[in-house]
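Everything below concerns the one structure shown next.
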Amino acid sequence: MQRIGVFICWCGSNIGGVVDVPAVAREAAKFHGVVYSAEYKYMCSEPGQEMIVSAIKEHRLTGVVVASCSPALHEITFRKNIARAGLNPYMLEMANIREQCSWVHQHEPEKATKKAIDLVRRAVAKAGKLEPLFESTIPVTKKALIIGGGIAGIQAALDIADAGNEVVIIEREPTIGGKMVLLDKTFPTLDCSACISTPKMVSAAQHPNIKIYTYAEVEEVKGYIGNFSVVVKQKARSVNSKCTGCGTCWAKCPTKNIPNEFDLGMSMRKAIYIPFPQAVPNRPVIDRERCRQFVKGKCGVCKKFCPTDAIDYEQGDEFVTENVGAILVATGYDLIDWAKIYGEYGYGKYPDVITGLHFERMVNASGPTGGKIVRPSDGEQPKTVVFVKCVGSRDEAKAREYCSRACCMYTAKHAHQVLEKIPGSQVVIFYIDVRCAGKAYEEFYLKTLHEGAIYTRGRVSKIYPEGNRLIVKGADTLLGRPVEVVADMVVLATAMIPAEGSADVARTVGFTVDKDGFFQEAHPKLRPVETNTGGVFLAGACQGPKDIPDTVAQASGAAAKIIGLLSHSEIAGEPTIARVNEAMCSGCLACREICPYRAIEPKEIVERLPGKQVTRVVASVNSGLCQGCGACTVACRPGALNLKGFTNEQLLSEVDALCL
Amino acid sequence: MMQQPIVIDDRKSDLSKEVLLHSAQDSSLCFQCGKCTAGCPVAFAMDLTPNQIMRMVQLGLIDDVLNSQTIRLCAYCSTCSVRCPRNIAVADVMDSLRIMAAERNIPGTDRSRKVNIFNQAFLDTLNMFGRSHEVLAMLLFNLRSYQPFHNAKLGLKMFNNGKIKLKPDRVKAVNEVKEIFQRINRLRKGA
Ligand SMILES: Cc1cc2nc3c(=O)[nH]c(=O)nc-3n(C[C@H](O)[C@H](O)[C@H](O)COP(=O)(O)OP(=O)(O)OC[C@H]3O[C@@H](n4cnc5c(N)ncnc54)[C@H](O)[C@@H]3O)c2cc1C
Ligand code: SF4
Ligand code: SF4
Ligand code: SF4
Ligand code: SF4
């Protein structure tokens, strides 16, 4: 039989001003199992807590009910409080008589008092059924794994490694760097993108605590917070670690005219190649679909010339297992394939209609045109350049509903670059809104205005060729008049979408995506770098469209969280997780399908029946993975699953106390 | 007229620059917030709002701007200039546009044409006497706008009450004022 103590709080006048607190305390004293009942002005204060401690000792209480504010505010306070008196911290039940009573019934004190009594009765009923729960301890592997080696992944890797932890980066391209290394200059300061990102790539490569897998992908993830086991697929590079990056092979390779993905097809590469000269690692890969040795079965030129015998045509995919304590996903973004969607802009048929990323490669001094802005069709310098913003963004009908956030700023940057590099040029920017919310962003936009960029409020409805030029039809909604621009080149600011294969990453690692396919953070405001899965964090454009300052800030934020996690050699596991009553479990495993955290696994047990032994399958809960959501308990038909601290029996006793 | 497309091609307009030279105001800075229009006491009578004028200057729509009533109806009260968040003296832009229209002998239409005639009549009396002379200015305005008896009753009443005088007041240095006018004319021709 439980010996329950009830403590009713006034919360100053918050509760006491409406609810007749002494009356509630008097009523509570009569409830079944209650041996002590008291009230106090501020239960959470030092004297209030002392009062609970001494009552527990004096009246040999086995369970405690505190009727006060929301458990979200003070459950932990009171758990610690009763633990000081030697009780199991989970022998506490709270009744929320503030948010759920006095605040919402300010004008009906009598009813509020009655309701408070009911709420306390409910809590007492549950307290009678409570059982001690014990936190488990989970050991933590002091190593982090980062998926995606863009600026987000690199920044986080450096932060985590500098704090003394080992880091593994998995990048699927042959080099790390992500989109940032493609860019020319970065807003709002216009510093050169490569100058600030390549040194970081090199630091990551040289860091003693960082190990980088490029041309690799995550194949499988098992385990839970503190103890993940990740299988990494190292795709066959056909070049082994003896390579020194001397460059002989791609100089000698006889293939040519293979569009280089890094330059979005605007430059050519060989079958053995590095994406760009500053690639990290500086080790080539063989594109087996283009290599003559693989396609025709004969060539071997690179192998012949390689001074270190690094070429290995026989190399196969390799699988490596990495054991880590935390995972950071930083897989970034891709740009929407506008050509498939926007017939009115020519379905990609007109060579002089390009995207912002093509433009970046073009203005980049180390890009395919050596920094010259030219028309792809004839290599001529354009005089009038039109920019169209929100292509694929803010367009529910055709593409995405959201704003891609970086394009207003990079379009202002591109406009500035055209006006600066091409004397006498003219820039027209079609926009719906100009969104420049960031430090020094508005100033940057105004500078571009001042330089003479013609901002025209309206969405372009048609682009068509006339002679060797393009007619861009839009409107000036401020004047209420149609606008026609005779343009030489059109640059589309296309929507950022989750990187290709993001959904697979989410599935493999085991966390959720939002309605647009971006990775879902645990809380949009308060937990922006965590996923709903313990030990899995996120950073950068994979969580939503973002520019570099925001990406880096989020990456460092995620790194701080991971450093915090890895600073413990073991962590406490929540005891309020699901438990299987194996005797009742029928082994249907309906729960396994329901569990969003993949915490339920089948397990074989041996049962002794009269005269024989049988082996059968039952569900088993992985205590590291279970997040205590309770979904499985609803799915279980025989009622074998119970959430500790919220068992069916406990919940029913509450219902009875309230409704009977 | 308003539905004609605005065509932006290689013939780049210098309107924005010309306005800058005249008024020292950079109209490209305007981001079309509309505050100038919201505060303008004359906006109700205008054919284009002040922010539309600013926008048209940016786009180089010189004919629309110089033929508008707005630039002549503007009272140069400068409410817009004081309120503009981009620190543009919109009233000075209006003034410059008036001058530019006059230089090109664009007379304006309807009410704005009359404003022009009135301004000229006022300046003519100034030129003659070194100081304005209401009766003559009214007379000139009436004759030039083909409405000889316009406001005649009101004029008589004002005369009877001693508010206006037939005989002009002359400043002593009439010739110096005349000299100013001549100099402006010389400068204009030279420019
Ligand atoms: C035209 C244009 C101009 C821009 N200009 C600017 C600017 O001037 N200033 C600014 O602040 N921002 C700018 N941005 C935005 C900037 O590109 C992004 O903010 C930044 O690149 C985001 O970094 P990230 O690391 O999150 O993603 P990314 O750069 O996309 O990096 C993600 C990395 O993850 C890898 N990856 C993806 N999927 C997997 C997988 N399944 N497994 C392993 N690896 C994977 C990718 O290969 C890539 O290396 C611009 C964007 C565009 C389109
Ligand atoms: S594979 Fe051989 S030839 Fe090619 S870069 Fe490496 S060391 Fe040089
Ligand atoms: S950032 Fe600007 S251009 Fe990009 S979608 Fe948002 S409003 Fe449109
Ligand atoms: S100066 Fe002219 S445009 Fe400006 S508020 Fe006054 S009347 Fe309107
Ligand atoms: S107040 Fe200034 S910025 Fe706003 S519309 Fe008028 S001129 Fe433009």
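Any read-out appearing in this document is the output of simple, stated calculations on the displayed coordinates, not a laboratory observation. Please read all numbers here as calculations on a predicted model, not as lab measurements. A quick note on method: Cβ atoms are made from the backbone with ideal geometry, for glycine too, and the neighbour counts reach across all protein chains shown.
At a glance:
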quantity: Overall form of the range B:110-189 per C-alpha gyration tensor (a/c, 1.5; a/b vs b/c); calculated: oblate
quantity: Local electrostatic count, residue A:259, Cβ distance below 14 Å [Lys/Arg +1, Asp/Glu -1]; calculated: +1
quantity: Base-10 log of normalised Debye intensity for the range A:186-249 (one unit scatterer per alpha-carbon) at q = 0.26, 0.27 Å⁻¹; calculated: -1.15, -1.17
quantity: Mean separation of Cα contacts under 8 Å, 6 or more apart, over the residue count of the range B:36-109: relative contact order %; calculated: 32
quantity: Residue-by-residue Karplus 3J(HN,Hα) for the range A:287-294, coefficients 6.51, -1.76, 1.60, Hz, glycine and proline x; calculated: 7, 5, 6, 10, 5, 5, 4, 7
quantity: Cα-Cα over 29 Å, subset of A:179/B:35; A:252/A:546; A:179/A:304; A:349/A:421; A:473/B:12; calculated: A:179/B:35; A:252/A:546; A:179/A:304
quantity: Reach of residue B:153 by Cα under 24 Å, taken over lysines that are not fewer than 8 positions away in the same chain; calculated: B:114, B:163, B:165, B:167
quantity: Cβ-defined net charge surrounding residue A:614, 12 Å radius [Lys, Arg +1; Asp, Glu -1]; calculated: +1
quantity: Residues A:403, A:585 arranged by fewest to most Cβ contacts within 10 Å; calculated: A:403, A:585
quantity: Helix-derived mean residue ellipticity, 222 nm - over chain B, DSSP H n ≥ 4, -39500 (n - 2.57), to 500; calculated: -16500 deg cm²/dmol
quantity: For the range A:375-391, Karplus couplings with θ = phi - 60° (6.51, -1.76, 1.60), whole Hz, Gly/Pro x; calculated: 6, x, 5, 10, x, 7, 6, x, 9, 10, 10, 9, 10, 10, 8, 6, 7
quantity: Residues whose placed amide H lies under 5 Å from that of residue A:219, excluding near-sequence neighbours; calculated: A:231, A:232, A:233
quantity: Rh by Kirkwood over Cα pairs, then Stokes-Einstein D for the range A:334-497 at 0.890 mPa s and 25 °C, µm²/s; calculated: 155
quantity: Net lengthening on full extension, residue A:606/residue A:13 (0.36 nm per residue, minus Cα-Cα); calculated: 207.5 nm
quantity: Equivalent-ellipsoid semi-axes of the range A:177-329, from the Cα gyration tensor, Å, largest first; calculated: 28, 24, 14
quantity: Cβ-derived FRET efficiency at R0 51 Å, residue A:365 paired with residue B:175, nearest 0.05; calculated: 0.15
quantity: Sites matching trypsin sites (Lys or Arg not before Pro) across the range A:424-530 that sit in DSSP coil, with at most 10 neighbouring C-beta atoms within 10 Å; calculated: A:439, A:515, A:525
quantity: Electrostatic dipole magnitude of the range A:4-127 [Cβ: Lys, Arg +1; Asp, Glu -1; Cα centre; debye, to 20]; calculated: 300
quantity: Relative intensity, log₁₀ I(q)/I(0), of the range A:425-470 from a Debye sum that treats every alpha carbon as a point, q = 0.14, 0.17, 0.27 Å⁻¹; calculated: -0.46, -0.63, -1.05
quantity: Local electrostatic count, residue A:86, Cβ distance below 11 Å [Lys/Arg +1, Asp/Glu -1]; calculated: +3
quantity: Distant-in-sequence amide H partners of residue A:269 (H built 1.01 Å from N, under 5 Å); calculated: A:257, A:258, A:260
quantity: Calculated P(r) tail over 18 Å for the range B:36-191, as whole % of Cα pairs; calculated: 66
quantity: Percentage, to the nearest whole number, of Cα pairs in the range A:547-660 over 16 Å apart; calculated: 69
quantity: Extension gain, residue A:111 back to residue A:242 (0.36 nm per residue minus Cα-Cα distance, nm); calculated: 39.1 nm
quantity: Pairs of Lys in the range A:188-241 closer than 17 Å at Cα, counting only those 8 or more apart or on different chains; calculated: 4
quantity: Calculated [θ] (222 nm, deg cm²/dmol) that DSSP helices of n ≥ 4 give over chain A, each run adding -39,500 (n - 2.57); calculated: -8000 deg cm²/dmol
quantity: Candidate lysines - alpha carbon under 25 Å from residue A:80, same-chain residues fewer than 8 apart omitted; calculated: A:41, A:57, A:126, A:129, A:561, A:644
quantity: Gyration tensor over alpha-carbon atoms, chain A, equivalent ellipsoid semi-axes in Å; calculated: 59, 34, 21
quantity: Fewest-first ranking of A:248, A:113, using other Cβ atoms within 10 Å as the exposure measure; calculated: A:248, A:113
quantity: Along chain A, longest interval not containing exposed chymotrypsin sites (Phe, Trp or Tyr not before Pro), exposed being DSSP loop plus at most 13 other Cβ atoms within 10 Å; calculated: A:348-660
quantity: Translational diffusion coefficient (Stokes-Einstein; Kirkwood radius from C-alpha pairs) of the range A:510-556 at 25 °C, 0.890 mPa s, in µm²/s; calculated: 231
quantity: Extension reserve of the residue A:421-residue A:568 stretch, reckoned as 0.36 nm per residue once the Cα distance is removed; calculated: 47.5 nm
quantity: Size-normalised alpha-carbon gyration radius of the range A:578-644, reference 2.2 N^0.38 Å; calculated: 1.11
quantity: Cα extents of the range A:248-305 along the three principal axes, largest first (Å); calculated: 29, 20, 15
quantity: Whether the range A:1-119 is rounded, prolate or oblate, judged on the alpha carbon gyration tensor where a/c under 1.5 counts as rounded; calculated: prolate
quantity: Enclosed volume per residue, in Å³, of the convex hull spanned by Cα atoms of the range A:373-425; calculated: 84
quantity: Amide H partners (placed H, <5 Å) of residue A:212, local residues excluded; calculated: A:169
quantity: Proximal lysines relative to residue B:172, as straight alpha-carbon distance under 18 Å, when same-chain residues fewer than 8 apart are discounted; calculated: none
quantity: Set of the range B:106-137 residues, backbone N closer than 17 Å to the point 7 Å along the Cα-Cβ line of residue B:183; calculated: B:127-128, B:130-131
quantity: Residue exposure sequence - A:331, B:125, A:508 - by fewest surrounding Cβ within 10 Å; calculated: A:508, B:125, A:331
quantity: Calculated FRET efficiency for the pair residue A:461/residue B:164, C-beta based, R₀ 56 Å, to 0.05; calculated: 0.40
quantity: Shielding score for A:384-391, defined as the mean number of other chain Cβ atoms within 10 Å; calculated: 1
quantity: Modelled label reach - residue B:120, point 7 Å along Cα→Cβ, the range B:156-191 residues with backbone N closer than 18 Å; calculated: B:181-182, B:184-186, B:188-189
quantity: Distance in nm between pseudo-label sites at residue B:7 and residue A:634 (7 Å out along the Cβ direction from Cα); calculated: 6.5
